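The values are calculated or read from the model by the stated rules, or taken from the named source; none is laboratory data. Just so it is clear, the model here is predicted, and its values are computed rather than measured. Note: ideal-geometry Cβ built from the backbone for every residue, glycine included; neighbour counts use all protein chains shown. The area values use the complete protein model at the heavy-atom level, side chains included, leaving out ligands, DNA and RNA. Shrake-Rupley method; radii C 1.70, N 1.55, O 1.52, S 1.80 Å.
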Amino acid sequence: MCGIVAATATRNIGGDLIRMLRCLDYRGYDSAGISTFSGGNAIEVRKKQGPLAGLEEVLGESPIDGHAGIGHTRWATHGVPSDENAHPHLSEDCGVSIVHNGIIENYRELITEIEAAGIKRVSETDTEVLVHTISLFLAKNGDATAQQIVWYLSQKIRGAFAIVIQRANKPEEIIGMRYQCPMNFVSLSGIAAISSDISSLIEYSRDIEVLKDGQAVAITPNGHAVFDFNGTPSESVKVHADWPIDKVAKDGFDHFLRKEISQEPEALRALVKSARSSADELHAFIAAQDIKKVIFLACGSAAFAGTLGSFYARHKKLPIDVLSEIGSEFRYLPPYVDDKTLMVAVSQSGETADSIGAIEHAKSQGARVLSFVNVVGSTIDRLCDMSVRLAAGPEVAVPSSKAVINQFMATTLVVELLADNSEASFDAWEKGCLALADTIENIIAREDEIADFAAKIAGHQSSFALGRGLDFASALEMALKLKETAYLHCEPMFAGEFKHGSLSLVEYGMPIFCFLGDPAVRHKSITAIEEIKARGAHPFIFDAQDRDDPDVAALGHYFNAANLGPPYSSVAHLTVAHLLSYHAGLLRNTDVDRPRNLAKSVTVE
Ligand code: AGP
């Protein structure tokens, strides 16, 4: 996801733009840039492929500054990472500068128009087309208001976007408009700022204004105006950002990912507190609806939490359908949804476009939506009928860790309350989570054993992760984490399915990760381990017994976490998966905090 920042003040703001971009550094990006107005009738830009440090070097050699400016960290969608494709993009007369997050779906139509006007693009981006489109409009409407510019653009473009515009003929005013991509602002005396990420604004104020879809804002050092795309004044959403902003600190760890894995126990305890503070509302929310179907909805690792929830519902023998759906499919091929459907949306960022689209569809069909979100004030946090904080704290590493543990336990809480919407049920879940937090601490203390496993698998480009029942979700997370953190291909598979074809891929020495957290199917999974062992594979077995099981330990590399019972033991194994993929990534010298090609929040389809 790209990062957008802007500021306008009664003083120079060049340093503000860089500081704000540094708060977005964790997201993963491939280039960065700023533009400022420092007088005259032209806006100046400095931009550079690569990390923010590269842009700072450019600024050191050739500084720009001014009382108003915009900035951007780019995660390429249209056009390769390059200096030319970096944002901001300027109009030919340098009278307009623009940054953009999202995708303009009809940018080819707009290319035809600007080329007909004799404009030659200098980049491959859809964003540059926007700046020329605005510039052509302003050439005929030089004194256009912010509302007129927003209205004109909203009629011209289709897609998901957060756009920030600065113009030389009204430099102190910066315009921001959003549709399906986040945009927030603060407006104080003498300074106002816009950002796609609340963390960039907290240095100015913790009272943040969040734009809703179809809204725009015009900021100046003396105030702001929020309005709909049609120009009608409207209200943004006020959010108080009360979380610590320790994001930029690794606190002595080599990587954010390792720091955040170490925070898994405290994050889980914080989820318990957060859920407890919403307990009455949760009980009432679940009791209020005649629920005939539940749909867990998410993407990526968050979707695996839904998989666990759907299987745990079977384990609890819920007399209703409980599905686990991923956002990108659901929004275009949804199951039947009506007012007897409860959707449970799970998201760390709260800005995942595929999940947002699916939630909006479900709501249009009458479903009620409960969400568990880590980022307060995010789109999903605001879109749903009820939202509970995952409370994992700021998560910087792109591979999600502490938030995933909380996502998994959030879905099991919903299942517990669907099965028995009582205080006793809530108390049992809370007790299980607290025991799980202690077990995770013990697993982290055994990190060296897991690092040894990593050394054994780091050279194997292909592996499998096997699970049955409640363990399948752990296998899914194991596989994804090895791919995204260590760039090792690992295929998740139902253990019972392995013999129906994929067993043919097993070669001597192939690592196969086997999860034995679900007691109901443990004996069956052991059979699968024996099958693969007989064919020369190297099983890595994650067990959950009161004492090590020598017969199972003899089948391969063995790691026995505590026997917490379902579903807690299966979730405890996630910490093993996180540490294993972290150490494998270190051995393979990957960027474990910002893996290639990935972004922390995928706000485009
Ligand atoms: C997690 O390690 C992944 N980076 C990714 O799959 C993530 O879980 C997914 O993109 C969903 O993100 P969200 O939780 O912010 O919605």
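When the strands (runs of 3 or more DSSP E) confined to the stretch 183-222 are screened for residues that are in contact with a strand residue (DSSP E or B) (Cβ under 9 Å, 6 or more places away or on another chain) and closer than 17 Å to Q166 by Cβ, those reaching at least 2 such residues are found at 184-188, 191-195, 215-220.
Among the listed residues A435, A458, A419, A391, identify the single one that is closer than 18 Å to E477 by Cα and of a type in the set (A, V, I, L, M).
Working: A435 fails: closer than 18 Å to E477 by Cα; A419 fails: closer than 18 Å to E477 by Cα; A391 fails: closer than 18 Å to E477 by Cα.
Unique residue meeting the criteria: A458.
Among the residues of the stretch 323-340, those identified as touching a Ser or Thr at 6+ places or on another chain (Cβ under 8 Å) and within 16 Å of the ligand (Cβ to nearest atom) are S324, G327.
Residue-wise test of (1) closer than 20 Å to P182 by Cα; (2) open to solvent by 40 Å² or more (accessible area, probe 1.4 Å).
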position	(1), (2)
K47	no, yes
L52	no, no
S62	no, yes
R74	yes, no
G79	no, no
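Considered as a group, the residues in the stretch 160-203 that are at pLDDT below 95 and aromatic (F, W, Y) include one that is nearest to G40 (Cα to Cα), and that residue is F161.
Which residue out of V576, V592, V506 is in contact with a His (Cβ under 8 Å, 6 or more places away or on another chain) and under 22 Å from K456 (Cα atoms)? Lay out the reasoning, then the answer.
Numbers: V576 fails: in contact with a His (Cβ under 8 Å, 6 or more places away or on another chain); V506 fails: in contact with a His (Cβ under 8 Å, 6 or more places away or on another chain).
Matching residue, one of V576, V592, V506: V592.
Scan the stretch 297-322 for residues that are near the ligand (Cβ under 9 Å from one of its atoms) and part of a loop (DSSP other than H, G, I, E, B) and the total you get is 1. Pairs under 7 Å by beta carbon, first residue among the β-branched types (V, I, T) in the stretch 61-76, partner in a loop (DSSP other than H, G, I, E, B), six or more apart or different chains? Once the first residue is among the β-branched types (V, I, T) and sits in the stretch 61-76, its partners that are in a loop (DSSP other than H, G, I, E, B) give I64/S38; I70/P88; T73/C2; T73/L24; T73/Y29.
There is no residue in the stretch 221-235 that is under 25 Å from V373 (Cα atoms) and in contact with a helix residue (DSSP H, G or I) (Cβ under 6 Å, 6 or more places away or on another chain).
Could you look through the stretch 571-605, keep only residues that are modelled with pLDDT under 95 and β-branched (V, I, T), and pick out the one that is farthest from the chain's Cα centre (by Cα)? Among residues in the stretch 571-605 that are modelled with pLDDT under 95 and β-branched (V, I, T), the one farthest from the chain's Cα centre (by Cα) is V604.
Within the stretch 557-605, how many residues turn out to be of a type in the set (K, R) and buried (at least 20 other Cβ atoms within 10 Å of the Cβ)?
Step one: of the stretch 557-605, the residues of a type in the set (K, R) are 588, 594, 596, 600.
Among the residues that remain, those that are also buried (at least 20 other Cβ atoms within 10 Å of the Cβ) are: 594, 600.
Qualifying residue count for the region: 2.
What number of residues within the stretch 462-488 satisfy the criterion of being open to solvent by 30 Å² or more (accessible area, probe 1.4 Å) and either away from the ligand (no atom under 16 Å from the Cβ) or over 17 Å from L598 (Cα atoms) (or both)?
2
Among the residues of the stretch 437-464, the ones that are out of contact with any helix residue (DSSP H, G or I) (no Cβ under 8 Å at 6 or more places or on another chain), of a type in the set (S, T, N, Q) and in contact (Cβ under 8 Å) with a residue 40 or more places away in the chain come to 1 in all. Restricted to helices (runs of 4 or more DSSP H) entirely inside the stretch 374-461, those with at least 1 residues that are within 16 Å of the ligand (Cβ to nearest atom) are 379-383, 402-419. Scanning the stretch 275-296 for residues that are assigned to a helix (DSSP H, G or I), of a type in the set (G, A, S), touching a residue at least 12 places away in the same chain (Cβ under 8 Å) and within 17 Å of C384 (Cβ to Cβ) gives a single hit, A275. Return a yes/no flag: does the stretch 168-175 have any residue that is more than 28 Å from the chain's Cα centre (by Cα), over 22 Å from S234 (Cβ atoms) and free of Cβ contacts under 8 Å to residues at least 12 places away in the same chain. No. Checking each residue in the stretch 304-354 for being open to solvent by 40 Å² or more (accessible area, probe 1.4 Å) and polar (S, T, N, Q) picks out S324, S328. When residues in the stretch 545-570 are screened for being in contact (Cβ under 8 Å) with a residue 60 or more places away in the chain and in contact with a Cys (Cβ under 9 Å, 6 or more places away or on another chain), 1 of them pass.
Considering the stretch 347-373 alone, what residues qualify as being small (G, A, S), in contact (Cβ under 8 Å) with a residue 40 or more places away in the chain and more than 10 Å from the ligand (Cβ to nearest atom)? Within the stretch 347-373, G357, A358, A362, A367 meet the criteria. Can you say whether V552 is farther than 30 Å from Y29 by Cα, touching a strand residue (DSSP E or B) at 6+ places or on another chain (Cβ under 9 Å), open to solvent by less than 50 Å² (accessible area, probe 1.4 Å) and not in a loop (DSSP other than H, G, I, E, B), as far as the supplied structure shows? Judged against the criteria, V552 is a match. Is it the case that the stretch 513-520 has a residue that's within 15 Å of A475 (Cβ to Cβ), part of a loop (DSSP other than H, G, I, E, B), of a type in the set (A, V, I, L, M) and open to solvent by less than 10 Å² (accessible area, probe 1.4 Å)? Checked against the condition, which is being within 15 Å of A475 (Cβ to Cβ), part of a loop (DSSP other than H, G, I, E, B), of a type in the set (A, V, I, L, M) and open to solvent by less than 10 Å² (accessible area, probe 1.4 Å), the stretch 513-520 yields at least one hit. For the stretch 97-123, a residue qualifies if it is over 26 Å from G69 (Cβ atoms), in a helix (DSSP H, G or I) and open to solvent by less than 80 Å² (accessible area, probe 1.4 Å), and exactly one does: I111. Annotation: of all residues in the stretch 521-549 being over 19 Å from I450 (Cα atoms) and polar (S, T, N, Q), the one that is most open to solvent (accessible area, probe 1.4 Å) is T527. Looking at this structure, is M493 aliphatic (A, V, I, L, M), open to solvent by less than 40 Å² (accessible area, probe 1.4 Å) and not in a helix (DSSP H, G or I)? Considered against the rule, which asks whether it is aliphatic (A, V, I, L, M), open to solvent by less than 40 Å² (accessible area, probe 1.4 Å) and not in a helix (DSSP H, G or I), M493 comes out as yes. If you go through the stretch 529-540 one residue at a time, do you hit one that is hydrophobic (A, V, I, L, M, F, W, C) and within 31 Å of the chain's Cα centre (by Cα)? The answer is yes, given that some residue of the stretch 529-540 is hydrophobic (A, V, I, L, M, F, W, C) and within 31 Å of the chain's Cα centre (by Cα). Of the set (1) more than 14 Å from the ligand (Cβ to nearest atom); (2) assigned to a loop (DSSP other than H, G, I, E, B); (3) charged (D, E, K, R), all apply to R258 but (2).
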